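Scroll down for the structure; my scribbles are underneath it.
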Amino acid sequence: MAATNGIISLQNLVSRKAGPLDPQVLTVAKLQGGAAFDVIPDYVIIGGTFRALSREALKHLKQRIEQVIIGQAAVLRCNASVNFLDEEKPLYPPTIKNDDLHKVFVDVAGNLIGIYNVNIDMQTDMAAEDFAFYQEAIPGYYFTLGMKNASSIETVAPLHSPYLVINEDGLPYGAALHASLATDYLTKYKQDVARVVGKYHGQL
């Protein structure tokens with residue numbers, strides 16, 4: 001009961017406490033406890049993930065998670081502790097594109113593969129991406145490479161699905177796009193690049 005009450009209360013943090021225009025994710029994906037059908041376990045382990053689109057929202061959600069778990073356990077006269085594994089898995093900041101680099105990407109990608117093949121209206125994604133740590137130190141830009149075969153009616157499985165099959169025909173386009181982006185940027189902004197390298201040297 002203590003574990004299930006805690007899980008239900010955690011779900012309310014997003015559905016009832018977070019603003020409707022402030023996307024957040026809180027998922028309990030791990031529940032371990034006991035080994036028999038007729039014996040109440042002496043402890044239960046709950047695990048999951050939480051995500052938000054700002055550092056402030058992440059910190060607030062982290063604080064509320066701990067309050068809810070410890071508080072719900074206390075209601076049923078149980079003890080609880082929360083470990084966010086900060087040293088092993090630090091909070092992932094949101095990955096936000098740099099506006100200047102976005103213009104570079106659209107120009108280069110449009111010239112290379114055709115502007116109609118460049119999707120610049122992608123919706124906000126709640127995935128966690130460690131590339132964001134680089135963006136906290138230097139301007140960065142993150143893009144994805146499509147690989148769907150236009151002549152196929154089969155649906156492409158998501159990235160982390162066990163049913164995902166990589167369409168390797170798209171890889172040469174990705175390699176060419178990376179090379180073109182680097183060449184174009186270094187050609188146009190080589191003086192700025194030198195200043196940025198000097199500014200952030202030794203920080204990564």
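The values are calculated or read from the model by the stated rules, or taken from the named source; none is laboratory data. These numbers were taken from a predicted model, which means no experiment stands behind them. So basically every Cβ, Gly included, is an ideal-geometry build from the backbone, and we count neighbours across all protein chains shown. For accessibility, only protein heavy atoms count, side chains too; no ligands or nucleic acids. Shrake-Rupley method; radii C 1.70, N 1.55, O 1.52, S 1.80 Å.
Annotations
- Cβ-Cβ distance of Ala137 and Val75, R₀ of 35 Å, FRET efficiency by 1/(1 + (r/R0)^6): the value works out to about 0.20.
- Of all accessible heavy-atom area on region 62-166, the percent that carbon and sulfur account for (1.4 Å): 52
- Residues of the chain: accessible area per residue with a 1.4 Å probe, Å²: 76
- Charge dipole of region 43-94 (Cα centre as origin; +1 on each Lys and Arg Cβ, -1 on each Asp and Glu Cβ, all else neutral): 180 debye, rounded to the nearest 20.
- Comparing Phe50, Leu61, Gln72 along the charge dipole axis of region 49-116, the residue lying farthest to the positive side is Gln72, per the Cβ-charge model.
- Electrostatic tally near Thr95: other residues with Cβ closer than 12 Å to its Cβ, Lys and Arg +1, Asp and Glu -1, net -2.
- With all protein chains modelled, accessible area of Val68 [1.4 Å, Å²]: 20
- Over all orientations, region 82-164 has a Cα convex hull whose mean projected area works out to 8.2 square nanometres.
- Of the labelled figures (1) 19.1, 76; (2) 18.5, 65; (3) 22.5, 71, only one reflects Rg and Dmax of the Cα atoms in Å as derived from the coordinates, namely (3).
- Span-rule helices in the chain, defined as complete DSSP H runs reaching 27 Å or more along the axis (Cα) with Kyte mean at least -0.5: 55-75, 171-200
- Exposure check, 1.4 Å probe, all protein chains in place: His60 carries approximately 100 Å² of accessible surface.
- Charge dipole (Cα centre; +1 on Lys/Arg Cβ, -1 on Asp/Glu Cβ; no other charges) of the chain amounts to roughly 540 debye.
- Measuring r between the beta carbons of Leu159 and Thr187 and using R0 = 35 Å, the FRET efficiency lands at 0.60.
- Extension gain, Glu129 back to Gln32 (0.36 nm per residue minus Cα-Cα distance, nm): 32.2 nm
- Cα centroid separation, region 1-75 to region 154-179: 34 Å.
- Beta bridges from DSSP with both residues in the chain: antiparallel share about 100 percent, rounded to the nearest 5.
- Cross-link table Lys62/Lys89; Lys97/Lys188; Lys17/Lys59; Lys148/Lys188; Lys17/Lys89; Lys62/Lys97, entries beyond 21 Å C-alpha to C-alpha: Lys148/Lys188; Lys17/Lys89; Lys62/Lys97
- Backbone HN-Hα couplings from phi across region 141-146 [Karplus 6.51/-1.76/1.60, Hz, Gly and Pro as x]: 9, 10, 9, 10, 10, x
- Assuming charge only on the beta carbon of Lys and Arg (+1) and of Asp and Glu (-1), the dipole of region 86-164 about its Cα centre is about 400 debye to the nearest 20.
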